[in-house]
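In what follows, a structure is listed as structure tokens, so that the remarks can point back to it.
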Amino acid sequence: MQTVAQHFIGGDFADSIGRETVDIFNPATGEQIGRATLGNEADAERAIAAAKAAFPAWSQTTLEERKVFLGKLAAALTERLDDLKSTMIAEYGSPAWFAGYVVDQARDFFNFAQNLLDAGNFEQVVGKAKVKKVPLGVAGLMTPWNGSAWFVCGKAASALAAGCTVVIKPSELSVLQSQILMECFKAAGLPAGVINLVNGRGDTVGNTITRSPDVQKISFTGSTRVGKMINREATETMKRVTLELGGKSPTIILDDADLASATQLALGAGMMNTGQACIAGTRILVPESRLAEFEDALKAGIESMKIGNPAEPDTMVQPMVSQSHWERVQGYIRKGIEEGATVLTGGEGKPEGFEQGNYVKPTILTGVRNDMTIAQEEIFGPVLSIIPYKTDDEAVEIANNVPYGLHAYICGQDQDRAGKLADRLLVGRVMINELVDDPIAPFGGFKLSGMGREFGLEGMLAYTEMRAVFG
């Protein structure tokens, strides 16, 4: 059993001042695999002070110097990819294929950031002024548990490239993964205080970061409820804020869609990370004229997905991250049935043979109306809703009629028609006939899905402010 009792502050490991401990369990087996000591307000204040002290020198580094340090971070992660992958599988229950994708791209974020360090991205002449984009200061980065390294490294790469120093607060459900990241930060040898990480809860470490007058920028990925709280708190010190929050993404199957490919895309989007993804396409909009055939195809497809040991390469359905989250997902399934939806497959309880872990039966509910709770709220589990529609206009209305606007998917053979429909969706990203990712394209949402954008040039410049110099 692994024990974690330190944070990374001022360029080295530091014993935790906070004394609260949490036990860490493998969600697939229920076995305890670790114990962590969480930081408190004093730990967060130490990290903020270290980042503040490091900022003047780091902000004045040349772009070439930053490229070198980002390369060192990428190299340090490369040495630990296998360790990070196996720890993610054990601590979070991630399927092996998804863990491999997450850790590879976590490393690549530092390489992508190097490519943004071009002088033209930071300085230009506008009228009589020379306009410079200068780093904001200390950035507080708060990340979730569903792909911890991906979020930590994506945010850190953008902030460091912009010239900010950082204080990272990852989820307390990702402490074992955070330990490996801290070891990578140590190995990379950045100047002391440039990158700091404190394990802790949001109501202690997170609140300290949000309220500190020495932190100029917050980037948070997590629930809409917490994002609202952070945004309110940040106004007291006029922090710049980027929020990537919840989603309730639609997958719109058009009436000309190919049955096999549309089914594959819909299940791939909806069951992404077993539904534990903000971009999961959990509302499947199906034309009434083809409802029966898609119900049959979706049912057969989801029932063929392997539930099992996350470490096995062909496992597609993983456990929920914790027992409390399992219970939350069960409550949504129950609520859907109470509100009139029909269980097409799955339902309450655990799959046969998987009673020891936090497994949820992959579930499809049909006969769903868009005003039902299961169609409006983010479930964060393997629970898909089939919603029928009559016309393209009605599909757009249903797709947009939720509080969120993060992501959407469209399946159809007429590319022009699908493209025009995509232009009407109030979301930050749309994928047409494919599941792809581009870490240099802007990522973020409309409405309660957040504010601002991450990734690429837009994501890096979110850590800067403009200064106009005349004469």
Cβ pairs under 6 Å, 6+ apart, first in region 87-104 and within 13 Å of A277 (Cα to Cα), second of a type in the set (S, T, N, Q) and in a helix (DSSP H, G or I): F98/N273
Report yes if I386 is over 25 Å from G340 (Cβ atoms), β-branched (V, I, T), in contact (Cβ under 8 Å) with a residue 24 or more places away in the chain and assigned by TED's automatic domain parsing to the domain that holds A280, otherwise no. no
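When you go through V175, V103, V126 one by one, which is the residue that is hydrophobic (A, V, I, L, M, F, W, C), surrounded by fewer than 17 Cβ atoms within 10 Å (Cβ to Cβ) and either more than 21 Å from D214 (Cβ to Cβ) or not assigned by TED's automatic domain parsing to the domain that holds T221 (or both)?
The unique qualifying residue is V126.
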So, in region 108-136, exactly how many residues are in contact with a helix residue (DSSP H, G or I) (Cβ under 6 Å, 6 or more places away or on another chain) and either aromatic (F, W, Y) or free of Cβ contacts under 8 Å to residues at least 12 places away in the same chain (or both)? 2
Scan region 309-318 and give yes if some residue there is buried (at least 24 other Cβ atoms within 10 Å of the Cβ), more than 23 Å from the chain's Cα centre (by Cα), in contact (Cβ under 8 Å) with a residue 24 or more places away in the chain and not assigned by TED's automatic domain parsing to the domain that holds E465, otherwise no. no
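Which of the following residues is modelled with pLDDT under 95 and crowded, with 19+ Cβ neighbours inside 10 Å: G154, G140, G163, G147? Write out each step before concluding.
Values: G154 fails: modelled with pLDDT under 95; G140 fails: modelled with pLDDT under 95; G163 fails: modelled with pLDDT under 95.
Among G154, G140, G163, G147, only G147 is modelled with pLDDT under 95 and crowded, with 19+ Cβ neighbours inside 10 Å.
Rundown of residues vs (1) buried (at least 23 other Cβ atoms within 10 Å of the Cβ); (2) acidic (D, E); (3) within 18 Å of the chain's Cα centre (by Cα), yes/no style:
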residue: L190; (1), (2), (3): no, no, no
residue: G193; (1), (2), (3): yes, no, no
residue: V198; (1), (2), (3): yes, no, no
residue: G206; (1), (2), (3): yes, no, yes
residue: Q216; (1), (2), (3): no, no, no
residue: L245; (1), (2), (3): yes, no, yes
residue: I253; (1), (2), (3): yes, no, no
residue: S261; (1), (2), (3): no, no, no
Please determine whether any residue of region 103-117 is farther than 18 Å from F185 by Cα, small (G, A, S) and modelled with pLDDT of 95 or more. no
Check region 352-360 and report whether any residue there is under 26 Å from V402 (Cβ atoms), part of a loop (DSSP other than H, G, I, E, B) and touching a Phe, Trp or Tyr at 6+ places or on another chain (Cβ under 9 Å). yes
Residues of region 82-99 satisfying the condition of being modelled with pLDDT under 95 and more than 14 Å from S174 (Cβ to Cβ): P95, A96, W97, F98
Only one residue in S59, S16 is assigned by TED's automatic domain parsing to the domain that holds G206, polar (S, T, N, Q), at pLDDT 95 or above and crowded, with 19+ Cβ neighbours inside 10 Å, so which one is that? S16
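Identify the residue in region 128-185 that is outside any helix (DSSP H, G or I) and charged (D, E, K, R) and, among all such residues, is farthest from G246 (Cα to Cα). Reasoning before the result, please.
Initially, region 128-185 is screened for residues outside any helix (DSSP H, G or I), giving 128-147, 163-171.
The next check asks that each one be charged (D, E, K, R); those that pass are 128, 130, 132-133, 169.
On the way: K128: 43, K130: 39, K132: 34, K133: 30, K169: 19 Å.
This residue is K128.
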Considering only region 27-38, I want to know if a residue exists there that is under 30 Å from V436 (Cα atoms), buried (at least 18 other Cβ atoms within 10 Å of the Cβ) and either among the aromatic types (F, W, Y) or outside the structural domain of D438 (by TED's automatic domain parsing) (or both). yes
For region 8-45, how many residues meet the condition of being assigned to a strand (DSSP E or B), of a type outside the set (D, E) and touching a Lys or Arg at 6+ places or on another chain (Cβ under 8 Å)? 8
Search result, residues across region 319-351 that are of a type in the set (V, I, T) and either outside any helix (DSSP H, G or I) or in the same structural domain as S171 (by TED's automatic domain parsing) (or both): V321, T342, V343, T345
Could you please tell me which pairs satisfy a Cβ distance under 6 Å, a separation of 6+ or placement on different chains, a first residue in region 249-267 that is within 14 Å of D414 (Cα to Cα), and a second residue that is modelled with pLDDT of 95 or more and of a type in the set (D, E)? D256/D414
Condition test on T78, is it assigned by TED's automatic domain parsing to the domain that holds P170, closer than 19 Å to F109 by Cβ and among the hydroxyl-bearing types (S, T, Y)? yes
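Report yes if R232 is within 26 Å of G405 (Cβ to Cβ) and assigned by TED's automatic domain parsing to the domain that holds V138, otherwise no. Spell out how you get there, then give the answer.
Details: within 26 Å of G405 (Cβ to Cβ): yes; assigned by TED's automatic domain parsing to the domain that holds V138: yes.
When the stated conditions are applied, R232 passes them.
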Of all the residues that make up region 416-460, how many are surrounded by fewer than 16 Cβ atoms within 10 Å (Cβ to Cβ), farther than 17 Å from A395 by Cβ and among the charged types (D, E, K, R)? 3
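The values are calculated or read from the model by the stated rules, or taken from the named source; none is laboratory data. What you are looking at is a predicted structure, and each value in this text was computed from that prediction instead of being measured. Here Cβ is always computed from backbone atoms with ideal geometry, including for glycine, and neighbour counts include all displayed protein chains.
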